[in-house]
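Written below as structure tokens is the structure these notes are about.
Please treat every number below as a calculation from the coordinates, not as lab data. These numbers come from a predicted model, not from an experiment. Heads up, the Cβs are rebuilt from the backbone with ideal geometry, glycines too, and the neighbour counts pull from every protein chain shown.
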Amino acid sequence: MSGPRRIDVHHHAIVPKISALMRESGARFVLPWSLESTWEVMDTHGIDRAVVSNPIPGDLFTDARQAAAFTLRANEAVAELAADHPGRFGLLAALPMPFVDVALDHLRYVYEELGADGVVLVPHAGSNYLGDELFEPLLAELDRRHAVVLVHPMTLPGGPVEASPPVLADFLLDTTRGAISLIRSGALERYPNISFILAHGGGFLPYAASRIEVLGEAFYGIDPDRVRAALRRFYYDTALVGESALPSLLAVAGPERILFGTDWCAAPAEPVAVCARALDGVPDAVRRMIERDNALALFLVPGRPGAVDPEPTAVG
């Protein structure tokens with residue numbers, strides 16, 4: 001592509017060390033990944049930098065030490081990838097949830113030792129969503145650090161149903177639930193310094209925005225102005241956001257809150273390409289905001305290890 005190169009804020013990298021780690025932990029399926037195919041996708045879509053996140057389900061471990069050890073090794077593996085290819089990869093570090101005390105210790109390490117750009121959180125741990133008091137100490141520390149937090153879905157509490165594969169709908173609902181939990185609990189007001197990015201265009205949130213406004217007031221006494229403010233408080237990535245979803249997202253969020261994302265390698269190359277093409281019809285000035293400028297404004301923190309370089313770099 002010509003013009004300013006993209007920054008991908010929703011990008012996964014199951015590097016060999018993570019694949020081995022997952023198999024050691026009994027994973028039955030590991031996403032295919034190679035650096036060669038990653039360079040190809042980045043080159044095809046004009047991606048200058050990819051900020052890597054590998055979310056870990058909150059119910060994967062029942063032991064805090066196991067969760068901490070797994071998460072540490074996974075984050076260090078991505079940090080090694082970034083160090084091996086300066087300027088090309090960033091890190092949104094996973095945390096060993098739901099073990100909040102351990103997560104707080106890990107948070108210091110990923111920021112101060114690994115140079116993380118932010119963190120990735122799954123919307124729920126068990127049946128507790130992000131607005132629950134379980135998350136309060138963590139949100140307070142993220143607020144103190146002015147953190148960027150990617151909210152990335154997993155299978156819904158209670159598990160999938162056979163009739164509807166989770167990737168087709170449940171993941172979108174999980175993100176939507178996380179966002180509504182943050183709105184209803186008042187966490188967005190309590191922690192104004194956290195920049196929440198909602199994966200996959202916010203799930204169903206933009207499409208259901210009017211419903212949430214009117215029924216939130218009628219059933220739960222939530223001021224519609226508060227809901228509208230929250231909808232424009234979130235950031236949203238474009239990972240797997242196609243032509244049908246983009247108009248709702250632009251109407252609710254505005255172009256200044258939307259960030260380019262691919263969902264590679266969780267999504268294969270062809271779906272990534274189809275959804276990236278959805279931006280072709282967007283005016284050039286808006287596209288530049290979505291594809292690069294908004295990410296620069298969000299992630300560029302002078303002097304911080306891992307900060308996004310505002311100047312384009314060579315591909316490969």
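What the table below lists for this structure:
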quantity: Stokes-Einstein D (µm²/s) once Rh is taken as the Kirkwood radius of the chain over alpha-carbon pairs, at 20 °C in 1.002 mPa s; calculated: 109 µm²/s
quantity: Gyration tensor over alpha-carbon atoms, the stretch 47-168, equivalent ellipsoid semi-axes in Å; calculated: 24, 18, 14
quantity: Angstrom value of the Kirkwood radius, inverse mean 1/r, which spans all Cα pairs in the stretch 116-244; calculated: 15.0 Å
quantity: Qualifying GluC sites (Glu not before Pro) in the stretch 45-153, DSSP loop, other Cβ atoms within 10 Å at most 12; calculated: Glu113
quantity: Relative contact order (%) - the chain, alpha-carbon pairs under 8 angstrom, separation at least six; calculated: 21 percent
quantity: Rounded if a/c under 1.5, otherwise prolate or oblate - the stretch 134-192, Cα gyration tensor axes; calculated: prolate
quantity: Residue-wise HN-Hα coupling along the stretch 65-72, computed from phi with Karplus coefficients 6.51, -1.76, 1.60 (Hz; x: Gly, Pro); calculated: 5, 5, 4, 5, 5, 4, 5, 4
quantity: Gyration tensor (Cα) of the stretch 55-104, equivalent ellipsoid semi-axes in angstrom; calculated: 24, 9, 8
quantity: Relative contact order [Cα under 8 Å, 6+ residues apart], the stretch 145-268, whole percent; calculated: 24 percent
quantity: In the stretch 1-42, chymotrypsin sites (Phe, Trp or Tyr not before Pro) in a DSSP loop with at most 13 other beta-carbon atoms within 10 Å; calculated: Phe29
quantity: Qualifying trypsin sites (Lys or Arg not before Pro) in the stretch 13-89, DSSP loop, other Cβ atoms within 10 Å at most 14; calculated: Arg28
quantity: Label zone at Ser25 (point 7 Å along Cα-to-Cβ), backbone N below 13 Å, the stretch 96-134; calculated: 96-99, 122
